[in-house]
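Engineer: The following block contains the structure, expressed as structure tokens.
The values are calculated or read from the model by the stated rules, or taken from the named source; none is laboratory data. Keep in mind the model is a prediction, meaning the values are calculated, not measured. We place every Cβ from the backbone using ideal geometry, glycine too, and count neighbours over all the protein chains shown. These accessible areas exclude ligands, DNA and RNA; they are computed on the full protein's heavy atoms, side chains included. Shrake-Rupley method; radii C 1.70, N 1.55, O 1.52, S 1.80 Å.
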Amino acid sequence: HPVHQQLPQLINILLYKAFGTWGLPWYLLFCSIHALNGFLLYRFLLKIAALWDLRDATWIGLTGALFFLFSPYITDATVWRVCLHYLMSGAFTLGALWGTADYLENGTRRSLWVAHGLLLLNIFTLELALAIPLLTHALCIAWWLTRPEGSALKDSPIMVFRRMTLPQMALVALFFLLNKLSFGQWVGHYGEATHLKFDALKMLAQPMKYAAKYASFGRHFEHKD
């Protein structure tokens, strides 16, 4: 596929040069990134609990992380070598969300650089990078609407927009520009004809199918022709 996935491909090449097709190093790498993602999710949930002064923060973080770590749907990403980019993209996304939550909690500008930097790395990992601005800004909006008193962050909504939204919009614009310069079309992977074809019924039905599949563990049913 015509995509910008230079970062996971670099790791693939280095690991293959070092170990060839010996499975153990690959498995250890994939499991390590999966464990890192569980830890990042735990830290992010602790930040969410701190933002809104939720009770039982540790319990919330541990429960969320354990559900993620032991989900049967994570199997493909941890045992199939072509799924390295999913694991890496998950780490970058969770790290960016943590950075955003830390900025909202403490007003630390360094955390903004963490969020923006991880978005940039994700752009060269997987197109799921485009979800980061949507998630981070949804978090910002939710926090501003229910902002607790005595918050350490003193930035106005306009300042948050300038420091959070504008840089990420610029990075997303860079992503599409790179596609155009590299592949001759604004959208890579399956191309504009596929990804820019909007069918309202399918767009509504697809998330419902996924929700039903995950809730019922439908993938593990015995399917017959």
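Engineer: Longest exposed-loop-site-free stretch of the chain, with chymotrypsin sites (Phe, Trp or Tyr not before Pro), DSSP loop and at most 14 other Cβ within 10 Å?
Structural biologist: Counting only loop sites that pass the neighbour cut-off, the longest clear stretch is 81-189.
Engineer: I would also like to ask the following. What value in Å³ per residue do you get for the convex hull of the alpha-carbon atoms in segment 81-168?
Structural biologist: 78 Å³
Engineer: Evaluate the charge dipole of the chain about its Cα centre and quote only its size in Debye, nearest 20, assuming +1 on the Cβ of each Lys and Arg and -1 on the Cβ of each Asp and Glu.
Structural biologist: Taking the Cα centre of the chain as origin, the dipole is about 240 debye.
Engineer: Mind checking segment 59-154 for GluC sites (Glu not before Pro) that DSSP puts in a loop (not H, G, I, E or B) and that have at most 11 other Cβ atoms within 10 Å?
Structural biologist: E149
Engineer: Can you give the three extents of the C-alpha atoms in segment 126-167 along their principal axes, from longest to shortest, in whole Å?
Structural biologist: 38, 18, 14
Engineer: Next up: Taking 0.36 nm per residue of separation and subtracting the Cα-Cα distance, what length does fully extending K209 through S182 add?
Structural biologist: Extra length available between K209 and S182 comes to 6.3 nm.
Engineer: If the label point is 7 Å along Cα→Cβ of N12, which residues in segment 80-96 have backbone nitrogen under 15 Å from it?
Structural biologist: Only 80-89 pass the distance filter.
Engineer: How large is ³J(HN,Hα), in whole Hz, for each residue of segment 117-129 in order, when computed from phi with the Karplus curve 6.51 cos²θ - 1.76 cosθ + 1.60 and θ = phi - 60°, using x for Gly and Pro?
Structural biologist: Per-residue couplings from phi come out as x, 5, 4, 4, 4, 5, 4, 9, 10, 6, 5, 4, 4 Hz.
Engineer: Let me ask something else. Taking the alpha-carbon centroid of each part, what is the distance from segment 161-176 to segment 1-78 in angstrom?
Structural biologist: 25 Å
Engineer: Further question: List, in order, the whole-Hz ³J(HN,Hα) value for each residue of segment 31-39 obtained from phi through the Karplus relation with A = 6.51, B = -1.76, C = 1.60 and θ = phi - 60°; use x for Gly and Pro.
Structural biologist: Coupling constants for segment 31-39: 5, 5, 5, 4, 5, 4, 4, x, 5 Hz.
Engineer: Could you work out [θ]222 nm for the chain from helices alone, using -39500 (n - 2.57) per DSSP H run of at least four and dividing by all its residues? Round to the nearest 500 deg cm²/dmol.
Structural biologist: -22500 deg cm²/dmol
Engineer: Separate question: Given a 1.4 Å probe and the protein chains all in place, what does the accessible area of T93 round to, in Å² to the nearest 10?
Structural biologist: Per-residue accessible area (T93): approximately 30 Å².
Engineer: Just to be sure I follow the rule: in the chain, considering lysines 8 or more places apart or on different chains, how many pairs have Cα atoms under 29 Å apart?
Structural biologist: 9
Engineer: Going from the alpha-carbon gyration tensor of segment 19-103, what semi-axes, largest first and in whole Å, does one get by taking the root of 5 times each eigenvalue?
Structural biologist: 28, 13, 9
Engineer: Just to be sure I follow the definition: excluding the sites themselves, where is the longest run in the chain that has none of the trypsin sites (Lys or Arg not before Pro) in a DSSP loop with at most 15 other Cβ atoms within 10 Å?
Structural biologist: Result, exposed sites excluded: 56-153.
Engineer: Please turn the phi angles of segment 4-18 into ³J(HN,Hα) values with the Karplus equation 6.51 cos²θ - 1.76 cosθ + 1.60 (θ = phi - 60°), one per residue in order, whole Hz, x for glycine and proline.
Structural biologist: 9, 10, 5, 5, x, 5, 4, 5, 4, 5, 4, 5, 5, 4, 7
Engineer: Let me ask you something else. Could you compute the FRET efficiency for C83 and I141, with r as their C-beta to C-beta distance and R0 at 25 Å, rounded to 0.05?
Structural biologist: The computed FRET efficiency comes out at 0.20.
Engineer: On to the next question. Taking all protein chains in place and a 1.4 Å probe, what share, in percent, of the accessible surface of the chain do carbon and sulfur account for?
Structural biologist: With neighbouring chains kept in place, the figure for the chain is 69 percent.
Engineer: For the chain, what's the radius of gyration and Dmax over Cα atoms, in angstrom?
Structural biologist: Spelled out, the Cα radius of gyration and Dmax of the chain are 19.3, 61 Å.
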